[in-house]
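Working notes, structure below.
The values are calculated or read from the model by the stated rules, or taken from the named source; none is laboratory data. Nothing here was measured: the structure is a model prediction, and the numbers come from that model. Virtual Cβ from ideal backbone geometry, glycine too; neighbours counted across all protein chains shown. Accessible surface areas use protein heavy atoms only, side chains included; no ligands, DNA or RNA. Shrake-Rupley method; radii C 1.70, N 1.55, O 1.52, S 1.80 Å.
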Amino acid sequence: MSTALKDRSMLLQKEMIASHFARLERAPENKEPVVYTFVPGNLVELIRSFGALPVLPEINALQSGMRKQSGDYIAEAERVGHSEDVCAYVKSDIGMLRSGNIGPAGTKIPKPDLLLLSYTGCYTFMKWFELLREEYDCPAVFFHVPYQGDGVLEPEHREYMLRQLREQVIPALEKATGRAYDEEALRERLTLAAEAEDHLVAVLQSAKHRPSPIDGYFGTVYYVGPLFSAFRGTPEGVEYYRTLREEVEERLAAGLGPVTPEGQLNDQKYRLVVEGPPSWTHFREFWKMFADEGAVVVASTYTKVGGTYDFGFRHNPNDPLGTLADYCSGCYTNLNLPSRIDMLVRYIREYEADGFLINSVKSCNSFSAGQLMILREVEKRTGIPGAFVESDLVDPRYFSSANIKNRLESYFQMIQARRVGGLA
Amino acid sequence: MSKRAEIVEWARDLYEDLDFTSVRRWLDVHPGRKACGYLPVYAPREVIHAAGMLPVGIHGGGDRLEIIRGDAFYQSYICHLPRSVIELAQSGRLSMLSAVLFPSTCDVIRNLSGIWKLLYPDVYVRYIDVPQVPDPEAAADFWVGELRRLLGDLSAISGHHPSDDEIRSSIALYNDVRGVIRQLYALRQQRPWDVPTEELYLLMRAGEVIPPEEFIVRARAYLGAVEAEPKRPRDNSRVVVTGAFCEQPPLGLIKSIERAGCYVVDDDFLLGNRFVTGVVGLEGDPLRSLAESFLHNEQRTSVMYEGDASGKRQLMRRRVKDAGADGIIFAAPSFCDPALLDQPMLRAGAEQAGIPCIAFKYAENSGQFQQFREQAGTFSDSIKLWGGGTAA
C-alpha cells in the first residue's frame, strides 16, 4: 500500500516537471516570458505573479548529472576555456547550452527574457549569470542579499533588500514581462507557498520517529524539489505536498521506513545527519552504500538551501516583499559557519542521530570551505564522531566508489563498536 | 648601496618577515593602540585608520611558510591562501591583531570569517559585504551603514571615537597613498625598465604592514631614487598580468616573467591598495563621501558584479590600450573562483580584439618557475615576431 502511495507523489512530481518543461519549450511561441534564477533565495512567487516561467540552472545541471550527461557537458565547457578548478554546475550548464540546450526532460530550454540574479550565499552565482549573459545577450538584474556574517539579519539589511525589490527587481520584471506588479497576485502565491511549506515541514519532522518513514537526505532531495524550484506558490505544488504528507503519515502509522534503492528500509541500524550536497552523477550508488548498511539519514542541511522552513520560516502573504527578503536571508548558504554548526548540532540532538557525515563536494566552496572546522566543532559539541567523504556535484571524475564505500563501512563499524563498548 | 637599493631592501625585509615584527614594534611604541588585519581584496583602510588602529594586510605566507596546521582546515581543492593564513594565525604570528576584516572576495574568504569567529572568539571579526547593486542611492545608503557600523565597532575596540575631521584626515591620507601609488604605476607604465615590477611589488607589500604616513615617505623616496638612477631599456614585450588580485604570486614568479623578456606594464597584484580609483571628497559626511567614491569607481574587477553587459568583453582591451601593452598574461591562483570564472569572458574579449594571451595557474607557494619562464619567454618572443595587441 505504501509503495503505491509513494508512487502517487512521485508520479505527480514527474508529471509536474514534464508539464513545466513542455510549457517552457512552447514559451516562445506562446509569448510566455522566461526568467532564470537560482535555488537559494529564488523569488519564484514573484516571478510567477508576473506570469513568467522560472528556469533554475542548478536543477538542470543536477538532472544532467543524474542522467549521466554532465560529464560530456563539462568536457565541452572545458574545451572552450572553462577551468577544471571551478564549479561543475556552471560548466554543465554552459556545456548543455552549447550542445543545443536540450534540458533534462528532453525538451528545448528557451533563452531567458531576464536573468534574476538573487545573490544568496554563493559567489559563483554572480559569475554564472555574467557568463550566461554573455551567451544569451539578455538583460540581467542583480538582487544583493547581504550575508549573515554575524548570524542575524540586520534591520537595515532587510530594508536594503526591500528597496532593491521595489526599485530594481520589480521594474526589471515589469520590463521583461510587459506586466505591472500585482501585489494581490503575489499574496495569493505566497499563501499557496506557506501551505506547501507546512506540509513539507511535517514530512521533514516525521524523521524524528523510529523507524523514520523518510530518508532526510537522499529521499528528501526529491521531496524538496518542487518547493525549491518552479512550483512554490502554485496549486500543483500544494497538491504534491499534501499527497506526499499523506503518504509519509501512512508509512509512519504503519511503522514503515522509506523506500530506498534496496527496497523499504524498516530495519534502521544507524540514524545519521548529513551536511553538504550529494553527488548527483552517482546518486543511487551513494544512497545504496547507506541502505546496504541499514543507515537512514534523519536530517540534512543541503535540503535547506532553498529555505529553512523547519525552523519556523513561512512565506507571509501579509508582508509580501518583506517575506521575500526574510526568506532569501535565511537560506542555508547565506548563514555563517557558527549558525551552520548550531543547525547540525540541533539536528543531531532533536533527531537523536548516532552519527553525522559530511559529503564535501569539490565544486562548491560555499559549502566546502570550512567543513573540516564544522566537523571538529560538531564532534566537540555532541561527542559524536563524524565521517568525511569527498566527491563532486556533477563531475563524474571526482567520485571514487571504492574509497567512499570503505570510509562509510569503517565509519559504521566504529559506531557499532562504540555501542558495544557502551559509549552510545 | 644606492638609495633605490636601500629602499628595496627595506621593503624586502618587511615582505619576508612573517612575524610582522614591524607591526609589533609599532604597537610597542604606541602603547594602548591596536592593529586591525584585513584580507584581500578591498577593505576600507580609512575607517581602520580613523579608529586609531594600524591597518595590516594579511596576504598569506607565500612560499616562505611551511604549512603544518593550515592543511588540516582545508581540502586539497581549495586555494592555498586560507591555509597559510590559518597557519600564520595558529602559529601565533597574528596574535597582535585585535580585529580582522574579511572582505566579500569569494566564498572561501567569506567562510574563513566564520572559522575565525570559532577559533578566536576574543578577536573582532567582520565580514565586509560591499554593495553590488547598480542603484547608486540604495547601494550608498547600504554601504554608509556598513562603514558606520564598522567604525563604531572598531572605535569601541580602540577606545578612540574619531570626529568627522579626524575621519576626513584619514581619508585625505589615503588619497595621498593612492596618489603616490598611481604615480608609481604610471611611471612603470612609461618606463618599465626604470621601475621593475619586482621592486614595485615589494614596495606595495611593505605598504601593507606599515603606517600609511611612512609608506608615502618611502614611496616618494623611491620615485626620487628612480629619477636619480635611470636604467637602460631592453627589447622586452609589454604585458598586462591579471588574475592575481587575491592569493599573491610568489616573488619568484614575478621575477621569472620579467626575466623572460616581459615588462609588466599593468597588473592587479594587491589590488585593494588602489581599488578606489578617484579622489575621495573631503566635504560633507566623510563616510558618505567614502561610500560614494566606492560606488562611482572606475575599477573593474572579478570580485564585483559587472553591470555593463559588454563590460567583460571590453575590459582587457581597455586595459591593454591604456597600458600600451602588447599582450596579456592570465595568471590566476589554482582554485580561485573569481579569477578563473572570469577568465573565459575576459580572454574571449581580448582575443576577439586580436590581443595575444597566455594563461597559467600558480599557488602562493609555487617553488618551480622554469615552466612559467619558458611560457613567458615564448610569449614574449612570439609578440616580437608576430606583433602585439597595442593597436587593437
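Assorted remarks:
- For the peptide A:122-128, the mean number of other protein chain Cβ atoms found within 10 angstrom of a residue's Cβ is 6.
- Near residue A:356, the amide H atoms lying under 5 Å from its own belong to A:273, A:387; only residues 5 or more places off or on other chains count, and H is placed 1.01 Å from N.
- Charge dipole (the protein assembly as shown, unit charges on Cβ, about Cα centre) - positive-most of B:310, A:244, B:257: B:257
- Size of the A/B contact, given as accessible area buried on both chains, probe 1.4 Å, in Å²: 4800
- Accessible surface, per residue, of region A:2-182 when the full set of protein chains is kept, probe 1.4 Å, Å²: 35
- Global geometry of region A:2-182, whether rounded, prolate or oblate, following the gyration tensor of its Cα atoms and the 1.5 cut on a/c: rounded
- Using a probe of 1.4 angstrom and keeping all protein chains present, the accessible surface of chain B works out to 35 square angstrom per residue.
- Screening chain B for whole DSSP H helices of 15 Å or more along their axis (Cα) with average Kyte-Doolittle hydropathy at least 0.0 returns B:107-119, B:136-158, B:212-228.
- Between the exposed loop cleavage positions of chain B, defined as GluC sites (Glu not before Pro) in a non-H, G, I, E, B DSSP state with at most 14 neighbouring beta-carbon atoms within 10 angstrom, the longest gap is B:67-282.
- Contact residues in region A:54-89 (at least 40 Å² less accessible area with all protein chains than alone, 1.4 Å probe): A:85, A:86.
- Accessible carbon and sulfur surface of the protein assembly as shown relative to its total accessible area, %, 1.4 Å: 49
- Taking amide hydrogens as placed 1.01 Å from N in the peptide plane, the amide H of residue A:300 sits under 5 Å from those of A:274, each at least 5 positions away in sequence or on another chain.
- Dipole in debye (nearest 20) - chain B, about Cα centre, beta carbon charges: Lys, Arg +1; Asp, Glu -1: 720
- Only Cα pairs under 8 Å and 6+ residues apart enter the sum, and on that basis the relative contact order of chain B stands at 20 percent.
- Charging the Cβ of each Asp and Glu at -1 and of each Lys and Arg at +1, and nothing else, the dipole of region A:185-420 about its Cα centre rounds to 640 debye.
- Considering only A:71, B:376, A:145, and ranking their Cα positions along the charge dipole of the protein assembly as shown that arises from unit charges at the beta-carbon of Lys, Arg, Asp and Glu, the one farthest toward the positive end is B:376.
- Taken residue by residue and averaged, Cβ atoms of other chains lying within 10 Å of the Cβ of B:348-354 number 1.
- Nearest 10 degrees, 0 to 90: helix A:2-30 Cα axis against chain A principal axis: 20
- Rounded to the nearest 20, the Cβ-based charge dipole of the protein assembly as shown about its Cα centre (Lys and Arg +1, Asp and Glu -1) stands at 1180 debye.
- For region B:3-167, the residue among B:160, B:123, B:106 whose Cα projects farthest onto the positive side of the dipole built from Cβ charges is B:123.
- The contact residues of region A:334-350, meaning those that lose at least 30 Å² of 1.4 Å-probe accessible area when all protein chains sit together rather than their chain alone, are A:337, A:338.
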